[in-house]
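The values are calculated or read from the model by the stated rules, or taken from the named source; none is laboratory data. In this text the structure is predicted, and so the values were computed from the model without any measurement. All Cβ positions, even for glycine, are placed from backbone atoms using ideal geometry, and neighbour counts span all protein chains on display. Keep in mind that these areas ignore ligands, DNA and RNA; they rest on the heavy atoms of the full protein, side chains included. Shrake-Rupley method; radii C 1.70, N 1.55, O 1.52, S 1.80 Å.
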Amino acid sequence: AGAMKAVRENSERWMEWSFDSVRKRMSVAANENGHVVIHVKGAPESVLPLCSLSEIQRATMDRWTQERSAQGRRLLAIAKSKSQFARSALTNMKAEQVEQGLTLLGLVAIADPPRVESTAAIEACKYAGIKVVMITGDHPATAGAIAKELGILVPGMFDKVMTGVELAAISQEELEKTVKHVAVYARVSPEDKLRIVNAWKSHGSVVAMTGDGVNDAPALKAASIGISMGKGGTEVARQASSMILADDNFSTIVSAVEEGRAIFGNIRRTIQYLLSGNLSEILVMLGAAVAGWPAPLMPLHLLWINLVTDGLPSLALAAEPVPKDVLKNRSRPSPKNFLNKEFYKEMIFVGAITASLALAVYGYSLRTEDEITARTHVFSFLVFSELFRSFACRHEDKTYFQVGPWSNLYHLAAGVIPIGFQLFLHHHPFFQSLFGVKSLGWDECGALLLLTLIPVTAVEVRKLFRGRREMKGVRA
C-alpha cells in the first residue's frame with residue numbers, strides 16, 4: 001500500500017536488539033524526524049507487561065489473545081516508545097533498558113496453517129508406532145490447537161501441553177516421569193530441547209529431533225538422529241545433524257522411515273535365506289556321514305549350489321520394493337531384533353525340513369538306483385528347492401501371491417535364469433561329465449518337482465497360520 005516507502009523516507013534505523021528465546025521479542029531504535037523511537041514486536045505475554053494499559057484494556061487484550069490462540073493463530077504484539085537517549089548511549093545499552101514505558105499499537109494474528117501432507121504424515125507415524133512431539137515457541141493455546149488439528153494430541157493418553165515455564169520448574173527426574181504424556185511443548189527455549197531429548201532417551205527410546213538454529217545444535221547432537229533443515233537451517237545445525245531435509249518437509253522424514261524399514265527387512269530376509277540354505281547343506285552332508293552313506297555332494301556341487309541359489313536370488317531379494325504396509329510393522333529395526341528368536345526359529349525350521357527331504361531322497365535313491373543317480377537327485381533337489389523357497393522370502397508375513405508375483409520382476413528373472421542353467425547342466429554331455437550327474441527322465445523330474453515344492457509350501461502355510469493367530473490376538 002506504499003506505507004513502507006513513507007516510513008523509510010521519514011526514519012533512519014540506528015540500532016537493533018535481535019529476537020531471543022528468553023525475551024521473546026525484538027526491538028529497533030530509529031531516528032524519526034529528530035526523535036529517537038523504540039519499536040518493539042514479540043509475544044503478547046512478553047510485550048504487554050511493558051505497555052501502559054488499564055485493567056480493562058489488559059483484560060480485553062488477554063481475552064482477544066486467548067480467542068485467537070485457540071483458533072491456531074500466531075500472535076504478535078506491536079508497541080513503541082520515544083526515547084531520550086542519544087545514539088551514542090544506545091550503543092552500550094541492553095534491550096531491557098530501552099524497552100520501557102511502551103505504548104501498545106496493536107495485536108496481530110497470523111494464520112499459519114500446517115501443510116496438507118503433514119496430517120497424513122503424522123497419521124502414518126502413528127501406524128508405525130512413532131510418537132510425534134511438537135516443540136514450539138508459539139503460545140500454548142496456539143500450539144495445542146494446531147497439534148489437535150494435526151492429530152498429535154491423543155485424548156487420555158498423550159494429551160498434555162507443557163510450557164517452558166512449567167518445564168523450568170521441574171527437575172530432570174520429574175520430566176522423565178511425565179515425558180511420555182506430554183505431546184506439546186510451548187514457549188520453550190532451545191536449551192529445553194536438550195532436556196526433552198535426554199528424557200525420552202532415558203526410557204530407551206530412539207529419538208529423532210528436528211532443528212534449524214544455532215542453539216539447536218546440542219540437542220541435535222544428543223538425539224539418536226538429528227534432523228536439520230536444508231533450506232531454512234543454519235550451517236551449525238546442519239553440521240550437528242545426522243540428516244538434512246532438502247525440502248524442509250516433515251513428510252520426507254516419514255518417507256525416509258519407510259525406506260529405512262524396507263532396507264532393514266530386505267537385508268534381514270536375504271541373510272535368513274542364505275543362512276537357511278547353507279544350514280540345509282551342512283545338515284545333508286552331516287546326516288549322510290552319520291548314516292554311513294557316500295558323500296551326497298561333491299565340492300563342485302556345493303560351489304554350484306552357492307553360486308546359483310545365493311547369487312541372483314539374494315541380489316533380487318535385497319532390491320525388493322518398499323511394501324505398502326511397511327509402516328504398519330511396529331517392530332523397530334535395531335541390532336537387538338535383527339537376529340532374534342523368530343529369525344533363528346525360521347532358519348532352523350527351513351534348514352531342517354529341506355535337509356530331511358534331501359536325505360530322504362538320497363537314501364531312497366541309493367537303495368533303488370546307483371550312486372550317480374542318487375547324487376543327481378539330491379543335487380537337483382537342493383538347487384530347485386532353494387530357488388523356489390526364495391519366492392517365499394520376499395515378505396516375512398505375506399505369501400508370494402499376497403505380495404504380488406509381478407511387483408519384483410528382478411526376482412522373477414533371478415529365479416528363471418538359474419533354473420535354465422540347471423536344466424542345461426543336466427543335459428549337456430560336458431557338464432554331465434564335469435559334475436558327475438546324469439540327465440533325468442520325465443517321471444523323475446515330476447517327482448523331484450513335487451518334493452522341491454514342499455519346503456516353500458511349508459513356509460507359506462506357516463505364514464498363514466501365524467497371521468491367523470495374530471488376528472485372533474488382536475481381536476481378543
To the nearest Å, what is the center-to-center distance of the range 377-422 and the range 245-276, using C-alpha atoms only? 22 Å
Students sometimes get this wrong: rank Tyr344, Tyr273 by accessible area, probe 1.4 Å, all chains present, largest first. Tyr344, Tyr273
Using a 1.4 Å probe, how large is the accessible area of Met4, given in Å² and rounded to the nearest 10? 110 Å²
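Run the numbers for Leu450 and Glu191: contour at 0.36 nm per residue of separation, minus the present Cα-Cα distance, in nm.
Computed gain between Leu450 and Glu191 is 86.6 nm.
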If we count every other residue with Cβ under 14 angstrom of Phe85's Cβ, Lys/Arg +1 and Asp/Glu -1, where does the sum land? +1
What helix-only [θ] at 222 nm does the chain give? Using -39500 (n - 2.57) per DSSP H run of at least 4, over all residues, to the nearest 500, the answer is -18000 deg cm²/dmol
Hey, if we sort Trp406, Trp200 by accessible area with the 1.4 Å probe, largest down, what's the order? Trp406, Trp200
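Counting only other residues whose beta carbon sits under 14 Å from that of Val437, what net charge do I get with K and R as +1, D and E as -1?
-2
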Could you sort Phe465, Phe435 by their accessible area in this structure, using a 1.4 Å probe and putting the largest first? Phe465, Phe435
Taking amide hydrogens as modeled 1.01 Å from N in the peptide plane, which residues meet the under 5 Å criterion relative to Glu16, leaving out close sequence neighbours? Ala29
Once you have the Cα-Cα distance between Leu286 and Ser224, take 0.36 nm times their residue separation minus that, and quote the gain in nm to one decimal. 17.8 nm
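Using 0.36 nm per residue, how much length does the chain from Arg462 to Lys324 gain when fully extended, once their Cα-Cα distance is taken away?
47.5 nm
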Can you compute the modelled spin-label distance between Leu76 and Val214, with each label point 7 Å from Cα toward Cβ, in nm? 2.2 nm
Please give the Cα centre distance for the range 36-74 versus the range 294-321, rounded to the nearest Å. 73 Å
Magnitude of the Cβ-charge dipole (Lys and Arg +1, Asp and Glu -1) of the chain about the Cα centre, nearest 20 debye, reported as 920 debye
Using 1/(1 + (r/R0)^6) with R0 = 45 angstrom and r between the beta carbons of Asn306 and Glu67, what's the FRET efficiency to the nearest 0.05? 0.05
Surrounding charge for Ala237, neighbours by C-beta under 13 angstrom, Lys/Arg +1, Asp/Glu -1, total 0
Based on the mean of other beta carbon atoms within 10 Å per residue, what is the order of 304-314, 203-213, most packed first? 304-314, 203-213
For the chain, inverting the pair-averaged 1/r of distinct alpha-carbon atoms gives a Kirkwood value in Å of 28.1 Å
Zone residues, the range 131-168, relative to Thr119, backbone N less than 14 Å from point 7 Å out along Cα-to-Cβ: 146-153
Can you pull the one-decimal nm distance between simple spin-label points at Ala413 and Gln57, each 7 Å off the Cα toward Cβ? 7.7 nm
